[in-house]
Every structure is written in structure tokens, then in C-alpha cells.
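Student: Following this message is one structure expressed as C-alpha cells.
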Amino acid sequence: MVDRAEALKMQSILQEEVKKLQEVQKKIQKLSAPRGAYLTQLTENEAVLAELKLLSEDDKVYKLMGPVLVLQELETSKSQVQNRISFFKKNLKAIETQTTDLTKKQVEIRQKVQGMQQVMITAQRQAIDQKLKQKPGGV
């Protein structure tokens, strides 16, 4: 049987774990915005690279720099777009790793919270049963 002091301590620990769970959930949610942006940019750059591969060496490629279009070598353009694609893939992989780690942590905390809740429910039932046994006539 759990006494009142133990129950209060357990309640305090449970509240701390719930706060941790909420923080982890917020972190996971915050990662979704940059992930979406990187996915969009990756898709756009892959489309650009596909278009650049269709060009011949004689075709001209211009790059927008501020308000001015500047002539650029085809291979330079392909290289720059490929570098951007690599950058986006690297960042997406880092975000996926963080999300996976946070999701594992979330599952662990959730299981801990559920276990603590189960212990508290059992303790409450035992306390109620004991009080009912102490009263004359049962109820």
C-alpha cells in the first residue's frame, strides 16, 4: 500500500515526466517545418537538374543574380544545383535522425508515464478497498 507522502511524490514525478513528454513532442513538431521546406527545395532542384541535363553544350544558361541575369557555364550550373541537392539531402537526413531519436525518447517516456499511472490507479483502488473494509457495514 502507498502512503500519502509516496503518492504525492509519485504524482510530482509523473508531472515532470508529462512535461518531458510534451517538450519532446514540441521538438518533433518543430522539425516538421524545416523538413517540409527542404523537401520542397530538393524537389525543385532535382527538377532543375533534370532540365539542365536536357541541354546541350551549345545552349546558354543564365543565372539570376539580384535584378540581373548573368551568363553561366552549363557545367557550373549543373555543379551548383548538384551541390544544393547534396546539401538538402544531408540536412533531411539529419532531421530524420533527430526525429527518430526523439520518437524513441517519446515512446520511452510515454511507457514510463503509463506505468506510473497504472501503479497510481492500483494504489487508489487498494486505498478505497481498505477504507471500505474499515467501515462497518461495507458501504
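The values are calculated or read from the model by the stated rules, or taken from the named source; none is laboratory data. As the structure is a computational prediction, the values presented were derived from the model and not from experiment. Cβ coordinates were reconstructed from backbone atoms using ideal geometry, including for glycine residues, and neighbour counts include every protein chain displayed. Quick note on the areas: whole protein, heavy atoms, side chains included, nothing else; ligands and nucleic acids left out. Shrake-Rupley method; radii C 1.70, N 1.55, O 1.52, S 1.80 Å.
Student: Determine, from the Cβ-Cβ distance of Ser12 and Arg125 and an R0 of 30 Å, the FRET efficiency 1/(1 + (r/R0)^6), rounded to the nearest 0.05. Intermediate results must be reported in sequence, preceding the final value.
Tutor: On the way: r = 21 Å, r/R0 = 0.70.
Here the calculated transfer efficiency is 0.90.
Student: Next up: What dipole magnitude, in Debye to the nearest 20, does the chain give about its Cα centre under +1 on Lys/Arg Cβ and -1 on Asp/Glu Cβ?
Tutor: On the way: 24 positive and 17 negative charges, 229 e Å.
Around 1100 debye, computed over the chain.
Student: Name the residue farthest towards the positive end of the dipole of the chain from the options Tyr38, Asn91, Ala127, assuming +1 on Cβ of Lys and Arg, -1 on Cβ of Asp and Glu, about the Cα centre.
Tutor: Farthest towards the positive end: Ala127.
Student: Next question, about the same structure. What lysines sit close enough to Lys53 to cross-link, taking a C-alpha to C-alpha distance under 30 Å and skipping anything fewer than 8 places away on the same chain?
Tutor: Lys63, Lys78, Lys89, Lys90, Lys93
Student: Compute the separation of the alpha-carbon centres of the range 109-127 and the range 1-41 and state it in Å as a whole number.
Tutor: 17
Student: In degrees between 0 and 90, to the nearest 10, how far off the longest principal axis of the chain does helix 4-54 point, with axes built from Cα atoms?
Tutor: 10
Student: So, one more: Round to the nearest 10 and give me the degree value, 0 to 90, for the angle of helix 74-134's Cα axis relative to the longest principal axis of the chain.
Tutor: Orientation of helix 74-134: about 10 degrees from the principal axis.
Student: A further question on this structure: Just to be sure I understand the model, the point goes 7 Å from the Cα along the line to the Cβ. What's the resulting Asp101 to Asp58 distance in nm?
Tutor: Each label point lies 7 Å from its Cα, and together they span 5.4 nm.
Student: Right, here's the next one. Given C-alpha coordinates of the chain, what is the ratio Rg to Rh with the Kirkwood estimate of Rh? Mind showing how you got there, number by number?
Tutor: Numbers: Rg = 29.3 Å, Rh = 20.4 Å.
Looking at the chain, the ratio lands at 1.44.
Student: Please work out the average accessible area per residue across the range 1-114, using the 1.4 Å probe convention, and give it in Å². Intermediate results must be reported in sequence, preceding the final value.
Tutor: Details: 8480 Å² over 114 residues.
Ligands and nucleic acids excluded, the figure is 74 Å² per residue.
Student: For the chain, what % of the accessible area comes from carbon and sulfur atoms, probe 1.4 Å? Present the calculation step by step, with values, prior to reporting the outcome.
Tutor: On the way: 5890 of 10650 Å².
After summing per-atom areas, the C and S share lands at 55 percent.
Student: Can I ask one more? Would you mind checking which residues have amide H under 5 Å from Val61's amide H? H placed 1.01 Å from N; only 5 or more apart, or other chain.
Tutor: Amide H neighbours of Val61: Gln72.
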